[in-house]
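Below is one structure, written out as structure tokens, with a few remarks after it.
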Amino acid sequence: QVQLVESGGGLVQPGGSLRLSCAASGTIYSINTMGWFRQAPGNEREFVAAITRSGNGKDYADSVKGRFTISRDNAKNTAYLQMNSLEPDDTAVYYCAATTDWGRQPVAYDYWGQGTQVTVSS
């Protein structure tokens, strides 16, 4: 089993920045991909970004490309999502996820964190 704990959410003004962290514990040796998803009220959970174990493979949703950066520190078993130029449409609960596979679909991910709220508002 793998446990994931997100942190770093909060309230930020449009144009501001936040950095989310996802700390992993448990049988993490089996994990290849760490991903970030988000879900706004009334919407389905959507893919935001993903990164492979080596960090060489990265993927971003078109809506965040150029504004968000995913990274990971394997020594700390932690993944990050740096979010810049935040917009009100980025408001959502952000979830960290992990999988032995790779992909954008939530069903591809075996483990999920509890989520952290990000609110972008003036």
Only residues that are in contact with a helix residue (DSSP H, G or I) (Cβ under 7 Å, 6 or more places away or on another chain) and part of a strand (DSSP E or B): list them for region 84-122, please.
T99, V118, V120
Among residues of region 8-18, those that are surrounded by fewer than 14 Cβ atoms within 10 Å (Cβ to Cβ) and within 15 Å of the chain's Cα centre (by Cα), counted:
2
Name every residue in region 78-113 that is surrounded by fewer than 17 Cβ atoms within 10 Å (Cβ to Cβ), closer than 17 Å to G26 by Cβ and touching a strand residue (DSSP E or B) at 6+ places or on another chain (Cβ under 7 Å), in order of residue number.
D110
Limited to region 17-34, what total is found for residues that are in a strand (DSSP E or B) and either among the aromatic types (F, W, Y) or farther than 15 Å from I51 by Cα (or both)?
4
Output yes when any residue across region 2-16 is closer than 19 Å to D110 by Cβ, part of a strand (DSSP E or B), among the β-branched types (V, I, T) and in contact with a helix residue (DSSP H, G or I) (Cβ under 8 Å, 6 or more places away or on another chain), and no when none is.
yes
For region 35-68, what are the residues that are closer than 17 Å to V120 by Cα and assigned to a strand (DSSP E or B)?
F37, R38, Q39, V48, F68
Looking only at residues in region 29-73 that are more than 13 Å from Q105 (Cα to Cα) and of a type in the set (V, I, T), which one is most open to solvent (accessible area, probe 1.4 Å)?
T69
Output the qualifying pairs, or none if there are none: Cβ atoms under 7 angstrom, residues six or more apart or on different chains, first residue in region 110-122 and within 12 Å of A97 (Cβ to Cβ), second residue among the small types (G, A, S) and surrounded by 15 or more Cβ atoms within 10 Å (Cβ to Cβ).
D110/A98; Y111/A97; Y111/A98; W112/A97
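The values are calculated or read from the model by the stated rules, or taken from the named source; none is laboratory data. Computed from a predicted model, the values in this text were never measured in an experiment. Note: ideal-geometry Cβ built from the backbone for every residue, glycine included; neighbour counts use all protein chains shown. Side chains are part of the model used for accessible areas, which takes the heavy atoms of the whole protein and leaves out ligands, DNA and RNA. Shrake-Rupley method; radii C 1.70, N 1.55, O 1.52, S 1.80 Å.
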